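The values are calculated or read from the model by the stated rules, or taken from the named source; none is laboratory data. Remember, it's a predicted structure, so these values are computed and weren't measured experimentally. In this analysis, Cβ positions are derived from the backbone assuming ideal geometry, glycine residues included, and neighbour counts consider all displayed protein chains. We work out accessible area using only protein heavy atoms, side chains counted, and drop any ligands, DNA or RNA first. Shrake-Rupley method; radii C 1.70, N 1.55, O 1.52, S 1.80 Å.
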Amino acid sequence: MASMAAAAGQQTFVKRLDTSSVMGMKGAVLVKNGSPTTCELALVSNKLAFVAANCLDYQPNSNILDTSSTYQVVVSDGGTGNVGTFKVASTQAHPKYNPGTFANNVAIMRFDGGDDVQWKNYIAANPSDWKNEFYVQRT
């Protein structure tokens, strides 16, 4: 296998995740007004998720959420099947979200993922391992 060397000033990233642990993680996609979107959600638990704020609908010329839009969360169980589709009960975009610059591009969605099976995804479980922080913008 060829070695990938970093050019001057670039960093080399090493994947340290054991693929067996990925199968237990859950993922989700946002459904808006009955249609699937390309917006993924960072699931925290069976009741809470983060989503990019620019995936949501807003009132014209404002950053106030359009309450006529409906949202659902479709949760997948790490390649083993569909956990379910859940209605979003509430959505809150970051109060300082700026749709022009994408600053503070995050929102919280609360949904009812059921009480019969409770679960949590651990996001950034080892912050002490972080050497740098990176910021991503959906395009």
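When Phe86, Phe50 are screened for being of a type outside the set (Val, Ile, Thr), at pLDDT 75 or above and crowded, with 16+ Cβ neighbours inside 10 Å, only Phe86 passes.
I'd like the full set of residues that are touching a Lys or Arg at 6+ places or on another chain (Cβ under 9 Å), among the β-branched types (Val, Ile, Thr) and in a strand (DSSP E or B), limited to the range 23-64. Across the range 23-64, the qualifying residue is only Thr38.
Here Gln59 meets each of (1) surrounded by fewer than 16 Cβ atoms within 10 Å (Cβ to Cβ); (2) out of contact with any Asp or Glu (no Cβ under 6 Å at 6 or more places or on another chain); (3) polar (S, T, N, Q) with one exception, condition (2). Residues in the range 65-78 that are assigned to a strand (DSSP E or B), more than 20 Å from Asn105 (Cβ to Cβ) and at pLDDT 90 or above: Gln72 only.
When the range 33-43 is limited to residues that are touching a residue at least 40 places away in the same chain (Cβ under 8 Å) and over 11 Å from Phe111 (Cβ atoms), the one that is most open to solvent (accessible area, probe 1.4 Å) turns out to be Ala42.
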